[in-house]
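> Structure provided below as structure tokens; questions to follow.
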Amino acid sequence: MYQYSLCSPKANDDIGKIRKEQTGKKEDVSPRDWSEFERFALSVMHGETFNDLATSLSQCDIVLINGEGCIYDRTRQSRMIFFIAYLAKRFFDKPTAMVNHSIVMNDPVLEEIAWHVYPLLDDIVFREGDSARACPAGRGRVAADAAYLYAPQPQGQWCRSASPVEDSAEVYWHVGAFDPQAPYACIGGGSVYFRGLRPGFDAIPGFLRLCRALQASVGQVMLTASSAKDMRILEPVAERLGLPLAGANLPVQTAVNLMGNARVYIGARWHPSIFAHRGGTPVIALSRHTPKMDAFLQQAEMPPSALDPFALEDQLDAIMAAVRAHLYEGEELRDRLHNGAARLASLARENVRLLT
């Protein structure tokens, strides 16, 4: 069976043709709101736009659209995800599912599009409950993020593969030394710092103080960047304190090993939080302004958090109190979190139920 799957919604700019205006700017040939969906779909059927997309849809048997965490506002990627689903079902008559996704209904244009497209689909699978409750069709199911299918290697095996005598350690961590056999905490960034919520805000001082506090409490601190944007914050911190930094080029299994064997993870990133949870690592989420982290904590059965990513220095005592509490609970807490993550891993395959 041939499948067409939109694996990376962030790469939607690479789908189809985008004409250039005389000014040299790219013209957005995706529909701007629901009223344009049919007209733009007809232009695809007439061979005027998105020829590669039309070819793929015509040749496949089933369409699975991996929505990830990209459906919010009225961004092009949000509109295109729904447009592809609409096109696949309404004009190509293909069994179509939107899976492994979250949605934030924070824009009237997006909400209107969702109201019309969701009821057309053969399956709607959300990766957490908050999005399912917002689904206007009332037909969405809750599974778990596909990332839960990855499990960290046992500590001994992980330590051997990450030893400095192996290539992996020298290639993927830089700046500072790292001993995977010794206790360590992981700190991540977050897209919340790059959404223009606090123009001119400098996150580096807060991360510096947090890292110093963790060094005193846990020992090693590993900085983890999920994107090039995260590096803008974490690389200067790593250089000033001589800390190891794992970049976004980390292989998935190595990232799972790293997060899943840490003593604690602090950050505002969804997938690193899942990797941590999968190994039983407690997560201290910087959740204010990031509803997806609230949803993660609820699904993972971890305590809710109101920590503000823009006020790390002011909340340092509260963060470190949570760290000490998690360390005190030790293996009992880790076993409970690990078992919960294993349950979610069993649900992750529900994303592809349409294939059966």
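> Tell me whether region 55-67 contains one or more residues that are open to solvent by less than 60 Å² (accessible area, probe 1.4 Å) and out of contact with any strand residue (DSSP E or B) (no Cβ under 8 Å at 6 or more places or on another chain).
Of the residues in region 55-67, the ones open to solvent by less than 60 Å² (accessible area, probe 1.4 Å) are 56-57, 60, 62-67.
Filter once more, keeping what is out of contact with any strand residue (DSSP E or B) (no Cβ under 8 Å at 6 or more places or on another chain): none.
For region 55-67, residues open to solvent by less than 60 Å² (accessible area, probe 1.4 Å) and out of contact with any strand residue (DSSP E or B) (no Cβ under 8 Å at 6 or more places or on another chain): absent.
> Can you tell me which residue is most open to solvent (accessible area, probe 1.4 Å) among those in region 93-146 that are polar (S, T, N, Q) and not in a strand (DSSP E or B)? Talk me through it step by step, then tell me what you get.
Initially, region 93-146 is screened for residues polar (S, T, N, Q), giving 96, 100, 102, 106, 131.
Now restrict to residues that are not in a strand (DSSP E or B): 106, 131.
On the way: Asn106: 81, Ser131: 4 Å².
Residue satisfying both the conditions and the ranking: Asn106.
> Taking the stated definitions as given, is Leu354 open to solvent by 10 Å² or more (accessible area, probe 1.4 Å) and part of a helix (DSSP H, G or I)? I'd like the intermediate steps shown before the answer.
Numbers: open to solvent by 10 Å² or more (accessible area, probe 1.4 Å): yes; part of a helix (DSSP H, G or I): yes.
So Leu354 passes the test.
> Just to be sure before I move on: is Leu297 open to solvent by less than 10 Å² (accessible area, probe 1.4 Å), closer than 26 Å to Pro180 by Cβ and in contact with a strand residue (DSSP E or B) (Cβ under 7 Å, 6 or more places away or on another chain) in the structure I sent?
Details: open to solvent by less than 10 Å² (accessible area, probe 1.4 Å): yes; closer than 26 Å to Pro180 by Cβ: no; in contact with a strand residue (DSSP E or B) (Cβ under 7 Å, 6 or more places away or on another chain): yes.
It is false that Leu297 is open to solvent by less than 10 Å² (accessible area, probe 1.4 Å), closer than 26 Å to Pro180 by Cβ and in contact with a strand residue (DSSP E or B) (Cβ under 7 Å, 6 or more places away or on another chain).
> Okay, next question. I want to confirm something. Restricting to region 150-172 and keeping residues that are within 26 Å of Phe296 (Cβ to Cβ) and loosely packed, with under 15 Cβ neighbours inside 10 Å, which single residue is modelled with the highest pLDDT? Steps first, please.
Our first condition is that a residue be within 26 Å of Phe296 (Cβ to Cβ); within region 150-172, this holds for 150-155, 158, 162, 172.
Still in the running and loosely packed, with under 15 Cβ neighbours inside 10 Å: 154-155.
Values: Pro154: 79, Gln155: 73.
Only one residue fits best here, namely Pro154.
> Look at region 264-274 and say how many of its residues are touching a strand residue (DSSP E or B) at 6+ places or on another chain (Cβ under 8 Å), in a helix (DSSP H, G or I) and either modelled with pLDDT of 95 or more or not hydrophobic (A, V, I, L, M, F, W, C) (or both).
Step one: list which residues in region 264-274 are touching a strand residue (DSSP E or B) at 6+ places or on another chain (Cβ under 8 Å), which gives 264-270, 272-273.
Of the ones still in play, those that are also in a helix (DSSP H, G or I) are 270, 272-273.
From what's left, either modelled with pLDDT of 95 or more or not hydrophobic (A, V, I, L, M, F, W, C) (or both): 272-273.
Adding up the residues that qualify gives 2.
> What number goes with the only condition from (1) in a helix (DSSP H, G or I); (2) open to solvent by 10 Å² or more (accessible area, probe 1.4 Å); (3) within 16 Å of Ala341 (Cβ to Cβ) that His277 does not pass?
(2)
> A further question follows. Working only within region 202-226, note down all residues that are open to solvent by 20 Å² or more (accessible area, probe 1.4 Å) and hydroxyl-bearing (Ser, Thr, Tyr). Show your work before the answer.
First pass over region 202-226, keeping only residues open to solvent by 20 Å² or more (accessible area, probe 1.4 Å): 202, 204-205, 209, 212-213, 215-220, 226.
Matches in region 202-226: Ser217, Ser226.
> A further question follows. Would you confirm whether any residue within region 66-74 is farther than 28 Å from Ser346 by Cα, modelled with pLDDT under 95 and of a type outside the set (Lys, Arg)?
yes
> Out of the residues in region 301-346 that are in contact with a strand residue (DSSP E or B) (Cβ under 8 Å, 6 or more places away or on another chain) and farther than 23 Å from Pro183 by Cα, which is surrounded by the most Cβ atoms within 10 Å (Cβ to Cβ)? Explain how you work it out, then say what you get.
Step one: list which residues in region 301-346 are in contact with a strand residue (DSSP E or B) (Cβ under 8 Å, 6 or more places away or on another chain), which gives 302, 305, 307, 319, 322-323, 326-327.
Within this subset, residues satisfying the condition of being farther than 23 Å from Pro183 by Cα are 305, 307.
On the way: Ser305: 21, Leu307: 18.
Among residues in region 301-346 that are in contact with a strand residue (DSSP E or B) (Cβ under 8 Å, 6 or more places away or on another chain) and farther than 23 Å from Pro183 by Cα, the one surrounded by the most Cβ atoms within 10 Å (Cβ to Cβ) is Ser305.
> For region 39-54, which positions are of a type in the set (D, E, K, R) and either open to solvent by less than 10 Å² (accessible area, probe 1.4 Å) or free of Cβ contacts under 8 Å to residues at least 12 places away in the same chain (or both)? Can you show your working first?
Of the residues in region 39-54, the ones of a type in the set (D, E, K, R) are 39, 48, 52.
Within region 39-54, Arg39, Glu48 meet the criteria.
The values are calculated or read from the model by the stated rules, or taken from the named source; none is laboratory data. All values derive from a computational prediction rather than experimental measurement. Don't worry about glycine lacking a Cβ; one is built from the backbone with ideal geometry, like all the others, and counts go over all protein chains shown. Just so you know, the surface numbers come from the protein's heavy atoms only, side chains and all, with ligands and any DNA or RNA stripped out. Shrake-Rupley method; radii C 1.70, N 1.55, O 1.52, S 1.80 Å.
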